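Structure first, then comments.
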Amino acid sequence: MSDEVVSDASAAGIEPVIGLEIHAQLLTNTKIFCGCGTRFGAAPNMNVCPVCLGLPGALPVLNRRAVELAMRAGLALGCTIQRHSIFARKNYFYPDLPKGYQISQYEHPLATDGELAYVADDGPHVVRITRVHLEEDAGKSLHTAIGDSDRYTYLDFNRSGVPLIEIVTHPDLRAPRAAADFFARLRAILLAIGVNDGNMEEGSLRCDANVSVRPAGESALGVKVEVKNINSFRFLQRALEHELVRQTELLRAGGHVVQETRLWDEANGRTVSMRSKEEAHDYRYFPEPDLPPLEVSETWIAEVRAALPELPEARKQRFIRDYGLPAADAAHLADTEERARFFEDTAASAGNPKAASNWVMGEVTRRLKAAGAGIEVVGVTPAALGRLIRLVDTGVVNGSAAKAVFARMYGSGREAEDIVRAEGLSQIGDAGELTEVVTRVIAEHEDAVARFRGGNEGSLGFLVGQVMRATRGRANPKKTNELLRRALTAREAAPRTDE
Amino acid sequence: MTASSIQTIADIRTAMAEGLTAVDICAQYLERIAAHDGPIHAFTHVAKEQALERAESIDRRGAEDPDLPLAGVPVAVKDNICTRGLPTTASSRILEGFVAPYDATVIDRLTKAGAVVIGKTNCDEFAMGSTTEHSVSGPTHNPWDLERVPGGSSGGSAAAVAARLSPIAVGSDTGGSIRQPAAFCGIVGLKPTYGRVSRYGLLAFASSLDQIGPFALTVSDAATLLQAIAGQDSCDATSAVEAVPAFDAALREPVPNPTIGVPWQILEDGVDPDVHTAFSAAIDVLRGQGAKIVDVPLPHAGYAVPTYYVVAPAEASSNLARYDGVRYAYRAPVDAAGADLTSMYDRTRDTGFGDEVKRRIMLGTYTLSAGYYDAYYLKAQQVRTLIRRDYDTAFERVDAIAMPTTPTPAFGLGERSDDPLQLYMGDVFTASANLTGLPAISLPCGYGASGLPVGLQLTGRAFDEETLLRLGAGYERDAPWWRDTPPAAAIRG
């Protein structure tokens, strides 16, 4: 559907303009303004206290670890960390908002003016980050699945006061798929820096999208619609595609887009109006008087910056530069820290990064995929795999035998060399031994020999295969090739063994 | 010392040294309350059983325990401060039946100091008011004249101490709510520097202005109480790191050659002549003690009340949003016709809050609204800075600034009910200390012609409560007004 939609819209000369607001739960042990735990899945209202229940008289005290993680996210996204930022109250009534306001940051956020630059399948992208700010989550309304849900809504405040960052992008995205791709990259970064667990099903990573359309080439923005309730990359893409079609059709029909908030209805594959601009809340933001301005020192910022791990995009560029890997391979290997480490350790052990890349991208990935598992449960150590690669590079085993060796190594803890020795898998590179086999194969396949001599080069491959068969795959393919060619192109006579 | 003659913390120490127990003291005060609080209505809840239990545990521990500076001393607590196991309603229907599951930090500290919470005291609903008439349980009456208001919003705490129903009390002060009732009831009331005392467990009215402080008959008792509750609290991010000096020791030393500023110009208009006379006489006492009295200009003082009535309602409109009927206390009965969420909110807040609270919520909601924020809230915050600068300039050459606490003595019950603006103007001398965060004390300084007490207010430098207490103690030695007991008091001095 997606490509159709996009080409449809671009045929109409319409371009979508998309910006994202992403809420990510910070991986702290305790809530942002009290000492309650943040563990997901506790029984309802077990992780609560006077502060996160908003009881009369309770006051917030800022969790320093939350600030640190928010700074880490800001720095990873190239933002400037503001030495001085201010918490603000966002006032609105909702039963799961226990104080009647959410403590957030408004005019003076913690981090501003960043960007995420990356190379996607369709080329380089730069998405500017407007801001990253700290805020608290609300509780949860439970409307269903309880005995008397037809009469009552229940409230669970375990999530109330869980620390979040909100990441706001500029409207720099120009296609639904690009938006989904960006969101996936952002998620990978948040995971890589240990700020968020990336779990969209449990709601610890959520996304709202602002989307408008305009005639391609126009620089003024169209009327924007905010789409909420998007909790997967696929939903994001589908919701945006739906909005793109809806808004394009509105304009085509001579109508206009209404500024409003819409909800993604996954069951029906469409967005539905939630509230219009007129119904929009006036949040009456004002500085939170219960919290002094947040001051962070240059030293603290420097410490957080120094502790940042290498990010996937930077790592990918390094793999391309230092190891000469193709971009796609580099991107895959660099995507997570664990996979990258496995690859780099294998490359170091093998002394051959390209071969290491091929093995990790090929056999290792195939194995993990078949098991539906990640690199953390891989059945071979990078050191052992590296030693197998060395056996190939030094001609001890050939490629196809190496695969057989790998199959025996995987999950068994056995060493490549032991397998090769025990199962007689070492390569036959000795000219004498190989020439014997070659002579026999030529003698046994006169037809193929004749075809080759008649100019059919392809027959050579058949004959190589026969040598491999005869040696159970142990023949050195290069040498076999050489010996066969030489024997066949010699005078009519049978090959001379003393050459 | 007999139980029935006890008035101060010093009296309690003496009595206990002579053999009375904490239970004896507690029982004495419970009797006084039972016998005399009826016409005054200082208390909304008397914690009889809990108080006696607590007194017993102090007796077991031993009153001479040096960790118990308030051993066996009853304390009355304004009903907007959370007390575990006792009702905390801020005199509002919307908190009907609410029992806090935790103690405010000040209660925690009072308990550790050996004090006995004897009951909760009446106040204006959510501390909004200056008469203690805006209470769901009815008004408190001034022990000096039962037909008059005790001031507010901490009127119950002030009346309890003035009527000798409790030796000390805690209240909260957002625009004068400790000092004004202290003045009306002829006792000592102190608003500490913002941040000096933890607000954790104080039902917020205006978070940037609220501060908990002591009521007492004497400056020394106020100092002892402040000592027990002051100091940084990890539960309140706005509580201050500044060290708390030993007030008791400091009180014995007078301030050498103090300079006291008086903003004579702002006292020219709107001050009751009796108040002016009593105030001037108090200034003469200070001068006679060696103080140098100088005139100080406070050019922005006239903006304090309008600034206060922008900032305080704005913060209140947000602070009171949590009282929505969803999670605790009062929820308006929902009939079948209007059983949706919005009508539950509307009806709960409409019938749960009183008129004055609703008036301020609406004012504050308006001034924070999109398009008005800059003109009101932001502007008011800027004026706060200007007012603070006036004081900082003055403190370059004076140690304290003296004013009457209020422009008039206590007025009649119901007299100003229909004129909120006139009521608001009564905060003219007190609101500045909240807007600037500076400490201020109200001391009894005599009477008007009608025999009603008048208060002398001294404002000090930030975190310099010590100077105010030393000046106050010095004044009190030559002018011990506190020895007079009001007609409705439990004992006659």
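Readers should treat all values here as calculations from the given coordinates under stated rules, not as data from a laboratory. On a predicted model such as this, the values are computed, not experimentally measured, just so you know. Quick reminder, even Gly has a Cβ in these numbers, built from the backbone with ideal geometry, and neighbours come from all protein chains shown.
For peptide A:281-287, how many partner chain Cβ atoms fall within 10 Å of a residue's Cβ, on average? Working shown, then result.
Details: counts 1, 6, 3, 14, 4, 12, 4.
Counting other chains' Cβ atoms within 10 Å and averaging over A:281-287 gives 6.
With neighbours defined as other Cβ atoms within 10 Å of a residue's Cβ, the residues A:Y152, B:Y475 order from fewest to most as A:Y152, B:Y475. Each part reduced to its alpha carbon centroid, the stretch A:209-259 and the stretch B:423-446 end up 57 Å apart.
In the stretch B:104-193, a dipole from Cβ-located charges (positive for Lys and Arg, negative for Asp and Glu) runs towards its positive end, and of B:A158, B:H141, B:I168 it is B:I168 whose Cα lies farthest in that direction.
Between A:D322 and B:K112, the C-beta separation translates, for a Förster distance of 60 Å, into a calculated FRET efficiency of about 0.40. Summarising the label geometry, the points placed 7 Å from Cα in the beta-carbon direction at B:D355 and A:L250 lie 4.7 nm from one another.
Which ordering of A:M409, B:M344 is given by a fewest-first count of other beta-carbon atoms within 10 Å?
Lowest count first: B:M344, A:M409.
Remark: B:S130, B:S207 ranked as B:S207, B:S130, counting other beta-carbon atoms within 10 Å and listing the fewest first.
Taken along the Cα-to-beta-carbon direction at a fixed 7 Å, the label points for A:T439 and A:H143 span 8.6 nm. Taking GluC sites (Glu not before Pro) across the stretch B:330-438, the ones in a DSSP loop with at most 10 further Cβ atoms lying within 10 angstrom of their Cβ are B:E396. Under 17 Å of direct C-alpha separation, and excluding same-chain neighbours fewer than eight residues apart, B:K120 reaches these aspartates and glutamates: B:E31, B:D37, B:E49, B:E53, B:D79, B:E96, B:D103, B:D108, B:E133, B:D173. Averaged over the residues of peptide B:98-109, the number of Cβ atoms from other protein chains lying within 10 Å of each residue's Cβ is 2.
For chain A, the number of Lys pairs with C-alpha atoms closer than 19 Å, counting only pairs eight or more positions apart or on separate chains, is 15.
What net charge is computed for the residues neighbouring B:G414, neighbours being all others with C-beta under 13 Å from the C-beta of B:G414, Lys and Arg scored +1, Asp and Glu -1? Net charge in that neighbourhood comes out at -3. If R0 is taken as 60 Å, the Cβ-Cβ distance between B:A281 and A:V258 corresponds to a FRET efficiency of 0.25. Taking Cβ atoms as reference points and 11 Å as the exclusive limit, the residues near A:T271 contribute a net charge of -1, counting Lys and Arg as +1 and Asp and Glu as -1. Highest average first, the peptides B:212-220, A:322-330 ordered by how many other beta carbon atoms sit within 10 Å of their residues are B:212-220, A:322-330.
Between A:A120 and A:H125, the built amide H atoms are under 5 Å apart, and every one of these is 5 or more places off in sequence or on another chain.
Would you mind finding the longest exposed-site-free stretch of chain B, with exposed trypsin sites (Lys or Arg not before Pro) meaning DSSP loop and at most 10 other Cβ atoms within 10 Å?
Counting at most 10 other Cβ atoms within 10 Å as exposed, the longest clean stretch of chain B is B:1-251.
Kindly state, to the nearest 0.05, the FRET efficiency for A:T381 paired with A:D121, given R0 = 35 Å and r defined as their beta-carbon distance. Can you show the working numbers first?
Details: r = 33 Å, r/R0 = 0.94.
The computed FRET efficiency comes out at 0.60.
Taking 0.36 nm per residue of sequence separation and removing the Cα-Cα distance, the B:D67/B:A375 pair yields an extension gain of 105.7 nm. Label separation (A:R151 vs A:A407): 6.6 nm, computed from points 7 Å beyond Cα along the C-beta direction. Taking the alpha-carbon centroid of each part, what is the distance from the stretch A:81-111 to the stretch B:1-72 in angstrom? What the calculation gives is 45 Å, centre to centre. Look at the stretch B:323-331: the mean tally of other chain Cβ atoms within 10 Å of its residues' Cβ atoms is 4.
Close amide-amide hydrogen proximity is noted between A:D265 and A:R270, A:T271, A:V272, each under 5 Å apart and 5 or more residues distant or on a separate chain (H modeled in the peptide plane; Pro and chain starts excluded).
Net charge dipole, chain A: roughly 840 debye, given to the nearest 20, about the Cα centre with Cβ charges of +1 for Lys and Arg and -1 for Asp and Glu. Reducing the stretch B:374-419 and the stretch A:295-338 to their Cα centroids gives an inter-centroid distance of 57 Å.
Counting 0.36 nm for each residue step from B:T21 to B:D295 and taking away their Cα separation leaves a gain of 93.6 nm.
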